[in-house]
Amino acid sequence: MSAAQPPPFQAFLDAEREIVWRYLVSTVGAAEADDCFQETFVAALRAYPRLRADSDMRAWVLTIAHRKALDALRARARRAQPVADVAAIDSRRTGPAGAGESDGELWRAVGALPARQRSAVVLRYVADLPHRDIAGAIGCSEEAARRSLHEGLTKLRKVVEV
Amino acid sequence: MSPATAHDEDRVERVLRRAHDDDDAAAAAAARRLTRRIADEGLADVSYAPVDSPFGPLLAAATKRGLVKLAFPEEDVDGVLERLAQRVSPRIVAADAQLDPVRRELDEYFAGRRRGFALPLDWTLVGPFGRRVLGATAEIPYGGVLSYAEVAAEAGSPRGSRAAGNALGRNPIPIVVPCHRVLRSGGALGGYGGGLDRKRFLLELEGAL
């Protein structure tokens, strides 16, 4: 029997919570990750019965997380002085809790990337998504996703080289 | 601007991919805050939690209408939740406090201090015939018994004792809907979804045996 409904929401939450959390910590920083996490999964719960049972649930929830992260970043940009946007991100710890000082430099650079490049890099290396799903999550073509990923990585490599 | 070397690529990707052990604990904590919020705001359609009993932990699941499923310990939890997702709603979330009334009434019942359940019930998992059979069963008083034929007659199908037996065997809310109070006409125990030892235990608890 093919399932007509998605699996129990609790099983979905248990399976996806870590990847969503990592994605959010890496994009909006630890201080705002929890709010975005709550908003992401509450939105997912509301839409959940309409989800097709054969959907790619990871890509779906990361799409929601991506929108919530963008909302948080826009709100932050409105709060901060326009010119201080990057500094505002830098002043918060962005990146995983275990990141050391030299890793911290790289994570700050991730935090300073434009939103789409940052999301592409994080979805690729933190959430381990293939390019097709990265494109789905950030709502662009696969080619554009590859380009954003490449541009983001190029900037990060420069940080490491210096 | 020098071209990126393989070494640099490795370093960037390695750091990005590094295991986030602390973050996974934080993710678990965030998920717990989420399930509390879902419970507080009533956002789930089905709440479930384990409930202690002399038989071991029962899995209790409730909707806003009432108790919809009580599963014996040997039933596969994932399978039970999967069937609830298909037949009731996939918005299923673990929520301990939501099942407190079920826990309290079952505790009182097993302690011999409760002779009837006041819990609201949700019959979504039961078909129309099963509903009549289980409805008749729910009327059998504590300490009393009926035969399969008598329950079938109460349900409006005097010749349907076998079908009534099947409906009782599929009772999704055993103990609370007391299908253990239905016996063979000669007084033999008959069958029980949870096993005959448990049927005997419940009937002895109620003083019917």
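The values are calculated or read from the model by the stated rules, or taken from the named source; none is laboratory data. On a predicted model such as this, the values are computed, not experimentally measured, just so you know. FYI the Cβ positions are ideal-geometry reconstructions off the backbone, even for glycines, and counts take in every protein chain you see.
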**OP:** Would you please name the residue that is surrounded by the fewest Cβ atoms within 10 Å (Cβ to Cβ), looking only at residues in the range A:64-97 that are at pLDDT below 85 and either polar (S, T, N, Q) or in contact with a Phe, Trp or Tyr (Cβ under 9 Å, 6 or more places away or on another chain) (or both)?
**Re:** A:Gln81
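Quick check on the range B:102-113. Is at least one of its residues buried (at least 17 other Cβ atoms within 10 Å of the Cβ), acidic (Asp, Glu) and within 14 Å of chain A (Cβ to nearest Cβ)?
Filtering the range B:102-113 down to residues buried (at least 17 other Cβ atoms within 10 Å of the Cβ) leaves B:102-103, B:105-106, B:109-110.
Next, from what is left, pick out any that are acidic (Asp, Glu): B:105.
Now narrow it down to the ones that are within 14 Å of chain A (Cβ to nearest Cβ): none.
No, the range B:102-113 contains no residue that is buried (at least 17 other Cβ atoms within 10 Å of the Cβ), acidic (Asp, Glu) and within 14 Å of chain A (Cβ to nearest Cβ).
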Original post:
Which number in (1) over 30 Å from A:Leu51 (Cα atoms); (2) part of a helix (DSSP H, G or I); (3) not polar (S, T, N, Q) marks the one condition that B:Gly144 misses?
Top reply: (2)
Original post:
Quick check: is even one residue across the range B:145-159 outside the structural domain of B:Asp76 (by TED's automatic domain parsing), of a type in the set (S, T, N, Q) and in contact (Cβ under 8 Å) with a residue 40 or more places away in the chain?
Top reply: no
**OP:** Inspect all residues belonging to the range B:172-182 and state whether any of them is of a type outside the set (A, V, I, L, M, F, W, C), surrounded by fewer than 16 Cβ atoms within 10 Å (Cβ to Cβ) and outside the structural domain of B:Asp52 (by TED's automatic domain parsing).
**Re:** no
Original post:
Out of all the residues in the range A:43-57, which are surrounded by 14 or more Cβ atoms within 10 Å (Cβ to Cβ) and modelled with pLDDT of 90 or more?
Top reply: A:Ala43, A:Ala44, A:Leu45, A:Tyr48, A:Pro49, A:Leu51, A:Met57
Subject >> Complete set of residues in the range B:33-76 that are of a type in the set (Val, Ile, Thr) and assigned to a loop (DSSP other than H, G, I, E, B) >> reply: B:Thr63
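Can you tell me which residue within the range A:12-41, out of those that are aliphatic (A, V, I, L, M) and more than 7 Å from chain B (Cβ to nearest Cβ), is nearest to B:Asp78 (Cα to Cα)? Explain how you work it out, then say what you get.
Of all residues in the range A:12-41, those aliphatic (A, V, I, L, M) come to A:13, A:15, A:19-20, A:24-25, A:28, A:30-31, A:33.
Those still in the list that are more than 7 Å from chain B (Cβ to nearest Cβ) too: A:15, A:19-20, A:24, A:28, A:30-31, A:33.
Details: A:Ala15: 13, A:Ile19: 22, A:Val20: 23, A:Leu24: 29, A:Val28: 34, A:Ala30: 33, A:Ala31: 34, A:Ala33: 30 Å.
Among residues in the range A:12-41 that are aliphatic (A, V, I, L, M) and more than 7 Å from chain B (Cβ to nearest Cβ), the one nearest to B:Asp78 (Cα to Cα) is A:Ala15.
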Original post:
What number of residues within the range B:183-209 satisfy the criterion of being surrounded by fewer than 16 Cβ atoms within 10 Å (Cβ to Cβ) and charged (D, E, K, R)?
Top reply: 4
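Have a look at B:Ala95, B:Ala39, B:Ala49, B:Ala61 and point out the one that is small (Gly, Ala, Ser), surrounded by fewer than 18 Cβ atoms within 10 Å (Cβ to Cβ) and in contact with a helix residue (DSSP H, G or I) (Cβ under 8 Å, 6 or more places away or on another chain). It would help to see each step written out before you state the result.
On the way: B:Ala95 fails: surrounded by fewer than 18 Cβ atoms within 10 Å (Cβ to Cβ); B:Ala49 fails: surrounded by fewer than 18 Cβ atoms within 10 Å (Cβ to Cβ); B:Ala61 fails: surrounded by fewer than 18 Cβ atoms within 10 Å (Cβ to Cβ).
After ruling out the rest, the residue left standing is B:Ala39.
Please specify each residue of the range A:116-137 satisfying the condition of being under 11 Å from A:Leu149 (Cα atoms) and either under 13 Å from the mean Cα position of the chain (by Cα) or of a type in the set (Asp, Glu) (or both). Steps first, please.
Filtering the range A:116-137 down to residues under 11 Å from A:Leu149 (Cα atoms) leaves A:116-125, A:131, A:134-135.
If the condition is that a residue be under 11 Å from A:Leu149 (Cα atoms) and either under 13 Å from the mean Cα position of the chain (by Cα) or of a type in the set (Asp, Glu) (or both), then A:Arg116, A:Gln117, A:Arg118, A:Ser119, A:Ala120, A:Val121, A:Val122, A:Leu123, A:Arg124, A:Tyr125, A:Ile134, A:Ala135 are the ones that fit.
Given the criteria facing another protein chain (nearest Cβ under 7 Å), outside any helix (DSSP H, G or I) and either out of contact with any Asp or Glu (no Cβ under 8 Å at 6 or more places or on another chain) or at pLDDT 95 or above (or both), does B:Ser89 qualify?
Values: facing another protein chain (nearest Cβ under 7 Å): yes; outside any helix (DSSP H, G or I): yes; either out of contact with any Asp or Glu (no Cβ under 8 Å at 6 or more places or on another chain) or at pLDDT 95 or above (or both): yes.
For B:Ser89, the condition - facing another protein chain (nearest Cβ under 7 Å), outside any helix (DSSP H, G or I) and either out of contact with any Asp or Glu (no Cβ under 8 Å at 6 or more places or on another chain) or at pLDDT 95 or above (or both) - is met.
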